[in-house]
Structures are given as C-alpha cells and as structure tokens.
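The values are calculated or read from the model by the stated rules, or taken from the named source; none is laboratory data. What you see is a predicted model, and the numbers here were worked out from it, not measured in a lab. Positions of Cβ are generated from backbone atoms using ideal geometry, with glycine treated the same way; all protein chains shown enter the neighbour counts. Heads up: the accessible areas ignore ligands, DNA and RNA and are worked out on the full protein's heavy atoms, side chains in. Shrake-Rupley method; radii C 1.70, N 1.55, O 1.52, S 1.80 Å.
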Amino acid sequence: MLKKLFFALALLTSGFLAFGQNADSITVVKTKWKKNKIARQVILFRHHFDQKNLFAANENISFLEIKNTGRKAVFALAAEEKALISTSNFGLRDTAIAAINGNFFDVKNGGSVDFVRVNGKTINTNRLDKNGNRARHQEAAVVIDKGKISIKKWDGSSDWETKLREENVLLNGPLLTMNNVDEVLDTAGFNRLRHPRTCLGIKPNGRAILLTVDGRNENSAGMSLFELTKLMRWLGCNSAINFDGGGSTTLWVNGMPDGGVINYPTDNKKWDHEGQRKVANVVLVKKRAKR
C-alpha cells in the first residue's frame, strides 16, 4: 500500500512539473516582445515578465537577434590582456552597433582566466585548477570566422583551443545545448541557483541571439542554467552557451537611452542602468566595413 502511495505521489509531482514547463514554454512563445530595429539585420527584443509568470518568477529578458551571414552586421571580439573595461566603453571604443559581456576574468588583476584569441593574437590562456583540470567554462568556445559567430565543443585534448583555425576564439561556458542535444549539468550552486545570465544562442536558420536575463532583484529573479537552457530552446535555438553572468551581465546598444545599457546590471545593487561591472572582454556586433 505504501509503495502505491509513493508511486501515486511521484506521478502527481511529475505531472505538475510537466504542466509548469508546458505553461512556461507557451508563455514565452506567445509573448508580445517589444521590438526595435537597431541596424540592418539586427533587432532588439525586450519583455518584462512582471506577474511572476515565467518559472513562477518575475524575469526581465533582453536579446538581440542578428542575421549571422557576415555581410551587413558582423561579429567581433574585443579584449584586454590585463585591464578591465565596462561593456559600454568596449563598444564605444570599437564603434560597435552593440556589445555584450564575455567570459570569466580575474577581478583583482584584470584579464580573462580563459583562453582568448583576437584577430589571431592570443590575449589570455587558460588558468587550470591545482590538479591541471579545466573549469566547465573552458570546455566550449565562441568562435568568429569572417564575421560569423558559432559555438564549438571541447574535444578533450589539452591544447584544443590553440588548434582552432578561427582567428577569434573566446572560451566560455558551461555549454548548454549543442545541435539540439542538452549538455548534462551537475547541481552545483552556480548551475542550480538563480543569477543574472548572459547567453549566446544559434538558431537552425543561422541567426544568432545575444541574450541577458536580469536578476538579484524583486523585479527579476534571474535564472538557473537549467531554466536558461529551456528559455533558449523556446526561443528557437538548437545550440546555446552560457557566458559570465552575475554582476557582469550587460547588454549595450549604441544610441539607445540610458547610455545604451539595455538591461539592469546589478553591481550597484539598484534597479537601474548604472550598475555595470568592468570586464575583460566582450562580443561585439559591428557594421561590416566597406571594401
């Protein structure tokens, strides 16, 4: 009798979870996003789920969708070997259309703790743990070839990133989904707890999404990586990779109000656009230079 009761409870619980996930996916798919055309082939989408109606929480989501052809709008990297600069200042310095924060960095001394190569020059190399093992954010890469952005997965070799042929390489992660297959994530706090998040997704039609989810505020809870994986799938991505998040999460668009800062960075612990954290590198969206 007890076994039957446990079985019934398990079925009921799984039913509620499935219902919740289905309701959330419908919410995302039916959302009327606020859209702004930023440039040719670049559109900004924004929505504030403010009725605790996504993952039973408030969530503020902003993303750029870019036609990833390497023609009108192109992707690029900008990085500092030892310094830290705000995402908006990186964007302004490189006369970009938009910028989003990149990978993990040394808060005290500056520079990335992960491999970075910009225009063929290695800026930073991986800092491994005391046993010589990689972090999860060193097991995938964002690569840019002729202005087109894509995601690659670590092949298990020690010098994998140095052999990548692209001139622009930014190790990052954890990888969330690759070619419609979700990665297995453990239940460590970084993955399980809700934080502000930054993410890149690639859709089957080749379009790229650069996304931020705000967090650490009653207006927006942030997401776990499990929730972020679902969100990116519901937005149509068949591959997605997490970037550095938390106080680093920043999406900047040139010429927009609030100094171009679209989301609500949390470093000042206020719900405004003033709380940018300085970072070591960014992904840029730029106009293709005329030949």
Note to self: I need to check one value: relative contact order of the chain, counting alpha carbon pairs closer than 8 Å and at least 6 residues apart, in percent.
What the structure shows: 24 percent
Check: If one computes P(r) from the Cα atoms of region 187-232, what percent of pairs lie at distances over 17 Å?
Finding: 36 percent
Notebook entry, point to check: Within the set 152/290; 72/153; 52/230, which residue pairs have Cα atoms separated by over 20 Å?
Noted result: 152/290; 72/153
Next item on the list: Please work out the Cα convex hull volume for region 49-200 and give it in Å³ per residue.
Entry: 157 Å³
Next item on the list: Choose one of 238, 188, 223: the residue whose Cα lies farthest towards the positive end of the charge dipole of region 183-281 (beta-carbon charges +1 Lys, Arg; -1 Asp, Glu; about the Cα centre).
Entry: 238
Notebook entry, point to check: Taking the chain as a Gaussian network, where each spring joins two C-alpha atoms under 10 Å apart, which residue of 188, 280, 57 fluctuates the most?
Noted result: 188
Next item on the list: With a bin width of 5 angstrom, please list the P(r) values of region 152-291 as percents of all Cα-Cα pairs, from the 0 bin to the one holding the largest distance.
Entry: 2, 9, 17, 19, 20, 17, 10, 4, 2, 0
Check: What percent does the relative contact order of region 135-291 come to when contacts are Cα pairs within less than 8 Å and at least six residues apart?
Finding: 19 percent
Check: Residue farthest toward the positive end of the dipole of the chain, with Cβ of Lys/Arg at +1 and Asp/Glu at -1: which of 53, 131, 27?
Finding: 27
Item checked: Average silhouette area of the chain, convex hull of alpha-carbon atoms, in square nanometres -> 17.1 nm²
Notebook entry, point to check: Which shape class, rounded, prolate or oblate, goes with region 215-284 when its Cα gyration tensor gives a ≥ b ≥ c as root eigenvalues, a/c under 1.5 marks rounded, and past that a/b bigger than b/c marks prolate?
Noted result: prolate
Notebook entry, point to check: When the chain is treated as a GNM, springs tying every alpha-carbon pair under 10 Å, which of 128, 210, 84 comes out with the largest mean-square fluctuation?
Noted result: 128
Check: Taking the chain as a Gaussian network, where each spring joins two C-alpha atoms under 10 Å apart, which residue of 117, 136, 233 fluctuates the most?
Finding: 136
Notebook entry, point to check: What lysines could a cross-link reach from residue 82, if we take a straight Cα to Cα line under 21 Å and drop same-chain neighbours fewer than 8 places away?
Noted result: 108, 121, 278
Next item on the list: Please determine, in degrees from 0 to 90 and to the nearest 10, the orientation of helix 2-29 with respect to the longest principal axis defined by the Cα atoms of the chain, where the helix direction is its Cα long axis.
Entry: 40 degrees
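How long are the three semi-axes of the equivalent ellipsoid of region 118-206, in whole Å, if each is the root of 5 times an eigenvalue of the C-alpha gyration tensor, listed from largest down?
Sorted largest first and rounded, they come to 22, 19, 12 Å.
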Margin query: Taking the 0 to 90 degree range and rounding to the nearest ten, how far is the long axis of helix 225-234 tilted relative to the main principal axis of the chain, both from C-alpha atoms?
Written below: 80 degrees
Notebook entry, point to check: Using the heavy atoms of the protein chains alone and a 1.4 angstrom probe, what is the accessible area of the chain per residue in square angstrom?
Noted result: 49 Å²
Check: Once you charge only the Cβ atoms, +1 for Lys and Arg and -1 for Asp and Glu, what is the size of the charge dipole of region 124-263 about its Cα centre, to the nearest 20 debye?
Finding: 200 debye
Note to self: Expected output is a single nm value to one decimal: the length gained when fully extending between residue 159 and residue 37, i.e. 0.36 nm times separation in residues minus the C-alpha distance. What is it?
What the structure shows: 39.9 nm
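Can you tell me the dipole magnitude for the chain around its Cα centre, using point charges on the Cβ only (Lys, Arg +1; Asp, Glu -1), in Debye to the nearest 20?
In total the dipole reaches around 1020 debye.
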Item checked: Virtual spin-label span in nm between residue 108 and residue 148, 7 Å along Cα→Cβ -> 4.3 nm
Checklist line | Dipole of the chain [Lys/Arg +1, Asp/Glu -1 at C-beta], most positive-end residue of 100, 74, 282 | finding: 74
Check: How far apart, in nm, are the 7 Å Cα→Cβ label points at residue 83 and residue 186?
Finding: 3.8 nm
Notebook entry, point to check: Roughly how many whole Å is it from the C-alpha centroid of region 103-117 to that of region 18-65?
Noted result: 31 Å
Check: If the chain between residue 127 and residue 258 were fully stretched, how many nm would it gain, using 0.36 nm times the residue separation less the Cα-Cα distance?
Finding: 43.6 nm
